[in-house]
Each structure stands twice: as structure tokens, then as C-alpha cells.
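S.K.: Before I ask anything, let me first share the structure, which is written out below as C-alpha cells.
The values are calculated or read from the model by the stated rules, or taken from the named source; none is laboratory data. On a predicted model such as this, the values are computed, not experimentally measured, just so you know. Because the Cβ atoms are built from the backbone with ideal geometry, glycine has one as well, and the counts that use them run over all protein chains shown. Note: accessible area is taken over every heavy atom of the protein model, side chains too, but ligands, DNA and RNA are not part of it. Shrake-Rupley method; radii C 1.70, N 1.55, O 1.52, S 1.80 Å.
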Amino acid sequence: MAVTTETRAILLLCFYGFFKEMRPSEPFLTPYLKGPDKNLTEEQVDNQIYPVWTYSYLACLLLVFLVTDFLRYKPVIIFEGLAYIGTWVLLLWGQGVLAMQFMQFVYGVATATEIAYYSYIYVIVSHERYQKVTSYTRSVVLVGRCAAGVVGQAVVSGFKEAGYFPLNYLSLASVTVALCISIFLPSARKSMFFHRYSRQQDDNDSPPSPTSANENAASEETIPDNTPDNTISEPTPSQLQASDFSEVATEVNTSGSGKDNIIIHTLRNLWTDFKLCYGSRHLVLWSLWWSLATCGSFQVGNYIQNLWDIISPAASGEVWNGAIEAAATLLGAGVSFSIGFIHVNWIVVGEMTLGILSALDAVLLVVMAITNQIWVNYVCYIIFRMCYQFLITIATFQIAEKLTRERYALVFGCNTFVALLLQTILTAILVDKKGLDASVRTQFIVYGVYFGVIATIFLIGSAVSLRRLGWQAVRTRWRHVDNDNE
């Protein structure tokens, strides 16, 4: 039985996602950098090396967002694999603070290019398969991270500090396999913004005819269009919602230089879509939490190993970083999966849920900052990750439900950019050696206060919204999953 190009692309992308995430050395990065292989100090790792990733990620994200769409995904996915290989080459053979800072810069580039992995799938499959392929691509990422934690823990438990260096060889081998897989991904003929038509000929802005498209498609292996040009189908709900501006979003000016006009019109359409998307209070609410909480989650993830190493130094005891990361990944996936079985009206209870769980996160982070019991810290970290995964899954669904795929990609990029901008400010002020140069315990107290502020904002907003709605309306509507825009 012949495998279609679309099915082959999904399989290859899933294998790529698994191997690029199967990096067993990552949960043990701080012990490795502070151990005999690199012999760096706590201050160098915490305040000089790790902040570089934040700056690099922010600097690259906006450019990568546009370049990914312009180049139609596959080249950027290949570049992601190369960036991960560069990261582990530097980790294995680089020495000194400057080399490790450059390693974090390259790692930031690799992280920024992940947007290509998550976007590619939406231009190669038909609309009715979106939900399934999204679950496939995100599930293999979680499986890869979990496998990395298990493998890393097994090696470190068996070989102690001597296991850190070979773990980096395993990570290098895994990302190399991912790069090899990415080369065989089929090329995408369309993209979400710059290439909404299949292919352009000789800088001509007008959409190509079916004949010319077929002639171009014969020159190299491409993903076929999912909707034939001569087929008329019923519009989807998201298309109906966007109908007021659909002509503006796809119109192409035929005067002047073709490529220049495509770029200008794409940027104008992006700006128009941006104003439309963030005109909804409901979307702004969830996007605000997304950006604020993602900023805090990035900071916690970036510096948690430093906190663990202070509470229980790797040189003096058993290190369970890999097992804890694997457990956090599995349980986070479990609570994300459970969202599908919770039927409530998130417009009514959403703000209150965000506020309550953000307050819980604040308490957990303060406990993590002050406790000297490593297992208390581990448990708090796992619960923190579960809360974040629970809420980010709801936020993703609430935002995606109201938007076309193009506008969802735009909102995802904008929300992530705001999160990174906030993280950069927080890092520069609190963590960086040129800023306050705070200790890691002080950092986590600040992160706890930060989530406390988030909780306060959303609890106050919830109280105002519920009061305006009225108690009787709350009682009758909170179970009704109508989720209409306010």
C-alpha cells in the first residue's frame, strides 16, 4: 500500500520531534557545567552564562517568525537541527565562560526556530486532520522529553558524575539523527502569510493558474494543495468569523515589483489581523495570562537546576533531576489530556481559575526558595509544572477556538514575544551580573511574588466580572459551554 506524501510528512515530523527532544543531558546541565569537566562556579553559570539564552531567544524570535513563513518551514527546521548540533558540540569541546555563553546563544537560536516545527504541520495536512496531527506532534515532544529524563537518570544513577560527559554524546547523536530526518521532509508549497498562493512565477503577484501550478509542482516534490481550485466547499466557522476581512488578507497588488509588494501586503495584513485579534476582551485576557505566566515558567525552568544544586550539591549526593523532569512531563501531559473531559464555561470561571492556580504557583515558588529539603522542592516543582500545563492548555484552546489558523499563529508569536520581552527585562534586572546579580534563592522568592501579582490581577478581574454578571447568572451559566465572546 502506497504511503501518501502527506502521511509520510507526518511520520517524518513525528520522528524528528522525538529525536530533537531526546536530549538526556539537559536535566543535568548545571551539575555538568559546575563539575570537573567544565569547572565553572555557581556565579558564572547563574549570572553570566544562563542569561544569554534569554537574550538570544528574544533577539531571534521575531526574525525567525517571519523568515520561517517566507522560506516555507523546511529550511528553518533543518537549521534548527544544525543549531542543536552546534549547541552540543560546544558543550562537549568548548571550555571557559565565553565558549559556554556562545553555546547558550546558539541554543537560543535553536529554541527560536522551534516555531517552524509547530507551524509546518498546518500547511501540509487538510483542515479536518488538524486536531489529530496536532496531538501527534505535541505528544511525541512529550514522549521525547520523558525518554530523555529516564535515560539520563539511569546513566547518572549508574555512573554518578562520570555519566555527565557521555550523556552529552547521546544528546549529540540524537539531534544529529533529527537533522538527518529533517532533510527528507517534503517541501511545503504554501505558507500561512507570505505564500498563500501555491507558487509565484517570475515575480508575478497574481495567483497562478492550475496549469502553471502543476508545471511548477513537477519540478520538485511538494505537498499538494488540500483544496482544489475548482472545488467549492462550505466555509468553516473560523472562515465565517474572518469573512469581514478575508479579502483584505488575501488581496495582492499587481503594480510595481512583485516580491516587494507581496512582502508589503503581508506585513500590512499582519498588522490588520493583529488589531482584529486583540480587539476581543476574551482573547486579550487569556493572552495576558499566557505571556505573564510563560515568562515566569521560562525563568523557573532556566534556573531550577541551580536551586537544586544549592540544596543538594551533585558532588555530595544522588541527583534525581532526570527522574523529576520525566515525572513532571508525564503528569503535565496527564492534566493537559484531562482538559477534554472538563465541561465548564471558561468565560465565566476562567479568570477565577487563572487567579487561584497562579496564587498556588506563588506559594509553591516561595516554598521552593526557602526549603532545604530537596524532595519538598522536587514535589513543589512537579505541582508547579502541572498547574502551568493545565492552564496553558486551556489558554491555547480558548485562543485557537476563536481564530483562523493564520491568526492563531500570529497571536502565538506575539504572546511568546511579549513573554520573552518580559523575561529579558526580568533577567537583566534580577539575574544578570550587570544587574542585581541576585542569588538563586532570592530569584525564586521574586518569582513567587511575580506569580502573586499575576494572581492578584486575575482574582480582582474575576471578582469584578462575576459581580457584573450577577450571582444568578453565574450559577446558571458556569456549566454551559457556550464560550461566546463578551
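S.K.: With a point put 7 Å past each Cα toward its Cβ, work out how far Leu92 is from Phe159 in nm, to one decimal.
M.R.: 1.2
S.K.: On a straight-distance basis, which lysines could pair with Lys74 in a cross-link, Cα separation under 25 angstrom, same-chain partners fewer than 8 positions away excluded?
M.R.: Lys20, Lys132, Lys190, Lys259
S.K.: Now for a separate question. Using the basic label-point model (7 angstrom from Cα toward the beta carbon), what is the Phe417 to Ile263 distance in nanometres?
M.R.: 1.6
S.K.: Still on this model: For the range 262-485, would you read off the P(r) tail past 33 Å as a percentage of all alpha carbon pairs?
M.R.: Of the Cα pairs, 24 percent sit more than 33 Å apart.
S.K.: Same structure again: Work out, step by step, the length gained on full extension between Glu128 and Val363: first 0.36 nm times the residue separation, then minus their alpha carbon distance; give nm to one decimal.
M.R.: Full extension from Glu128 to Val363 adds 80.4 nm.
S.K.: Just to verify a number: FRET efficiency for Ile370 and Ser135, C-beta to C-beta distance, R0 = 25 Å, to 0.05?
M.R.: For Ile370 and Ser135, the calculated efficiency is 0.05.
S.K.: Give the calculated FRET efficiency between Leu330 and Ile429 to the nearest 0.05, with a Förster radius of 30 Å applied to their Cβ-Cβ distance.
M.R.: About 0.30, to the nearest 0.05.
S.K.: If you don't mind, another one. Highest mean first, how do 373-381, 23-31, 445-453 rank when packing is the count of other Cβ atoms within 10 Å averaged over residues?
M.R.: So the order, starting with the most tightly packed, is 23-31, 445-453, 373-381.
S.K.: Ordering His343, His282, His265 by how much accessible area each has at a 1.4 Å probe, largest first, what is the list?
M.R.: So, going from the largest accessible area down, we get His343, His265, His282.
S.K.: Right, next: Taking every pair of alpha-carbon atoms in the range 1-84, give the share separated by more than 21 Å as a whole percent.
M.R.: Looking at the range 1-84, the distances longer than 21 Å represent 53 percent of pairs.
S.K.: Okay, next question. List the lysines whose Cα sits under 24 Å from the Cα of Lys160, skipping any in the same chain fewer than 8 residues away.
M.R.: Lys34, Lys38
S.K.: For a quick check: with amide H placed at 1.01 Å from N, whose amide H comes under 5 Å from Ser187's, ignoring anything fewer than 5 positions away on the same chain?
M.R.: Ile223
S.K.: Work out, step by step, the length gained on full extension between Trp271 and Ala173: first 0.36 nm times the residue separation, then minus their alpha carbon distance; give nm to one decimal.
M.R.: Between Trp271 and Ala173, full extension yields 31.1 nm more.
S.K.: So, one more: How large is ³J(HN,Hα), in whole Hz, for each residue of the range 355-370 in order, when computed from phi with the Karplus curve 6.51 cos²θ - 1.76 cosθ + 1.60 and θ = phi - 60°, using x for Gly and Pro?
M.R.: Residue by residue, the range 355-370 yields x, 5, 6, 5, 5, 4, 4, 4, 5, 4, 5, 5, 4, 4, 6, 9 Hz.
S.K.: Just to check I understand the Karplus step: with θ = phi - 60° and J = 6.51 cos²θ - 1.76 cosθ + 1.60, what whole-Hz values come out for the range 175-187, glycine and proline as x?
M.R.: Taking θ as phi minus 60°, the curve returns 5, 5, 4, 4, 4, 4, 5, 4, 5, 8, 5, x, 6 Hz for the range 175-187.
S.K.: Tell me the Rg and the Dmax, in Å, that the Cα atoms of the range 1-189 produce.
M.R.: 17.5, 59
S.K.: Which one of Ile124, Gly152, Leu179 has its Cα pushed farthest toward the positive end of the charge dipole of the range 1-189, where Lys and Arg give +1 and Asp and Glu give -1 at the Cβ?
M.R.: The residue sitting farthest along the positive end of the dipole is Ile124.
S.K.: Sticking with this structure for a sec: Could you report the range 262-485's accessible area per residue, 1.4 Å probe, as an integer in Å²?
M.R.: Per-residue accessible area for the range 262-485 comes out at 43 Å².
S.K.: Determine the distance separating the Cα centre of the range 1-48 from the Cα centre of the range 358-412; give it in Å without decimals.
M.R.: 21
S.K.: Extending each Cα 7 Å along its Cβ direction at Arg468 and Leu63, get the distance between those two points in nm, one decimal.
M.R.: For the pair Arg468/Leu63, the computed spacing is 4.2 nm.
S.K.: Over the range 327-440, what is the mean sequence separation of C-alpha contacts under 8 Å (at least six apart), divided by residue count, expressed as relative contact order in percent?
M.R.: Numbers: 53 pairs, mean separation 31.8, N = 114.
Relative contact order here is 28 percent.
S.K.: Please work out the FRET efficiency for the pair Leu436 and Ser338, using the Cβ-Cβ distance as r and a Förster radius of 41 Å; give the result to the nearest 0.05.
M.R.: Values: r = 39 Å, r/R0 = 0.96.
E(calc), rounded to 0.05, equals 0.55.
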